[in-house]
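Report on the following structure.
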Amino acid sequence: MSFKPTKLFIKYAFPNMISTAFISFYFIIDTIFVGQMIGTKALGAMGLTMPFIMISFALIDMIAVGSSVQIALRLGSGRFKQACGIFSFSLITVFIFACFVFLFGFFFIEPISNYLIDDKELAVLAAQYAKVFALFCPVIMLCFMLDNYLRICKKPIYSMCVNIFVAFINIVLDYIFIVILEWGLFSAALATCIGLSLGTLLGFTPFVFGNLELKLSKAFINLKIIKNIIYNGSSEFLTNISTSLFVIAANALLLDIAGVRGVAILEVIFAIDSFMASLIFSMCDGMQPLLSYYYGAKNIKFIMALFWRTFFGAIALGVMIVVAISFGSDFIVSFFSRDIEFIAASKEALLVFSPVYLCSWFIIFANSFFTALNRPAYSLSISLSANLLLPLPFLYILTNFLEVNGVWLTPFAAKFCVVWLALYFLRETIKKLNLNFLS
């Protein structure tokens with residue numbers, strides 16, 4: 001592979017940013033259609049359900065990210081047969097897990113919803129929404145993995161096109177199901193799942209019919225590789241789990257402080273955040289296979305060239321997001337509701353929440369760098385601290401003094417503290433790279 005760092009940065013980061021932005025649209029589009037056409041209560045039901053859905057996807061992220069690092073390291077060092085074996089093993093493992101989620105969702109979602117949610121109408125809406133995702137799990141969970149593997153095989157443009165197509169299908173189906181047919185909240189999940197199912201089909205096609213380095217083969221695995229997959233993917237796994245647990249705790253507090261409307265506002269904020277943060281994450285994530293590849297090849301010059309381009313790109317995005325929210329919050333939140341009071345409350349909440357991006361860009365950047373360079377202990381420590389260990393105490397402390405504004409301010413307070421830990425780990429990592437590769 002010829003090395004032109006800026007060209008490679010553009011080739012891998014930009015398509016992945018566009019691709020991931022469209023992935024985040026899968027959920028934003030649902031939120032917009034539900035808020036505009038069905039109402040605040042349905043939006044609240046989505047907010048109560050989504051963290052549980054994301055927990056079910058957490059294991060997939062762990063295997064996708066962990067196996068991607070192991071595959072890229074082996075491709076970088078020329079061990080193609082092992083890379084294909086790990087690829088096949090990972091797909092089989094995820095499919096088996098997804099079948100268990102399907103069975104669990106089919107039999108237990110309704111009684112769990114009725115037990116956890118006192119408002120029976122809200123419980124029915126939440127159960128209907130979650131059950132659709134459970135039924136499609138064996139197919140849609142593979143979609144997110146295949147996106148990672150396509151980028152490893154130097155197909156970032158194809159991956160981007162698949163995600164754009166899926167997002168377009170989701171928009172069309174949301175309009176048909178919710179606006180024209182008036183099917184209700186469950187149809188938003190149905191539109192998303194049909195789109196993701198088509199994404200899985202298109203994602204598999206190059207691996208079956210194309211001439212890629214990765215091919216379906218006999219699964220290759222041993223305990224050491226399983227340990228490394230879990231270890232490398234544990235940061236993303238615990239990020240999803242801990243973020244979901246934080247949202248569950250915040251929802252419980254909001255139901256007491258602000259009712260269903262408060263939960264709906266939090267759903268709007270996290271829908272916006274899923275898009276904004278995805279721009280930073282996807283840029284860093286897009287560089288991860290290249291960093292792992294050059295780490296496997298022991299080329300520190302190339303690693304650091306990509307490091308600095310990603311670093312400055314992440315800073316720029318973080319600042320631009322804060323500026324965009326500061327000047328465009330009215331415009332942004334108006335997409336999610338027609339209710340004037342709800343829009344005003346959501347705008348205030350978003351403005352209080354927005355400083356988090358001045359810290360989160362660095363945490364996302366550092367986390368991705370540690371994962372790419374096989375430093376899972378560092379990324380794990382940062383993820384746990386930023387998404388669970390600090391947010392939960394801050395949540396209860398700040399809401400005690402600031403009430404509902406304490407919920408919106410908690411992510412910034414937690415991530416501001418974690419920046420210093422990430423900075424220390426980053427300095428140690430670069431120091432070790434210089435010692436190991438230049439000595």
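What follows draws every value from the coordinates through simple rules; no lab data is involved. What you are looking at is a predicted structure, and each value in this text was computed from that prediction instead of being measured. FYI the Cβ positions are ideal-geometry reconstructions off the backbone, even for glycines, and counts take in every protein chain you see.
Below is a table of values for the structure above.
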| read-out | value |
| --- | --- |
| Packing-based ranking, highest mean first, of 88-99, 220-231, 45-56 given that Cβ atoms within 10 Å are counted | 45-56, 88-99, 220-231 |
| Crossing angle, helix 186-209 versus the chain [Cα axis fit, 0-90 degrees, rounded to tens] | 10 |
| Residue with peak Gaussian network fluctuation, the chain [Cα springs, cutoff 10 Å], from 273, 119, 174 | 119 |
| Burial order of peptide ranges 355-364, 414-423 (average beta-carbon count within 10 Å, highest first) | 355-364, 414-423 |
| Filter on 215/431; 218/431; 131/215; 7/347; 11/298; 154/224 - keep pairs with C-alpha separation over 29 Å | 215/431; 218/431; 131/215; 7/347 |
| Fewest-first ranking of 183, 308, using other Cβ atoms within 10 Å as the exposure measure | 308, 183 |
| Protection proxy ranking, peptides 298-307, 130-139, average beta carbon neighbours within 10 Å, highest first | 130-139, 298-307 |
| Alpha-carbon centroids, segment 198-238 and segment 240-277: separation in whole Å | 32 |
| Neighbour-count order for 115, 293, 129, fewest beta carbons within 10 angstrom listed first | 115, 293, 129 |
| Distance between segment 111-184 and segment 295-372 - C-alpha centres, whole angstrom | 24 |
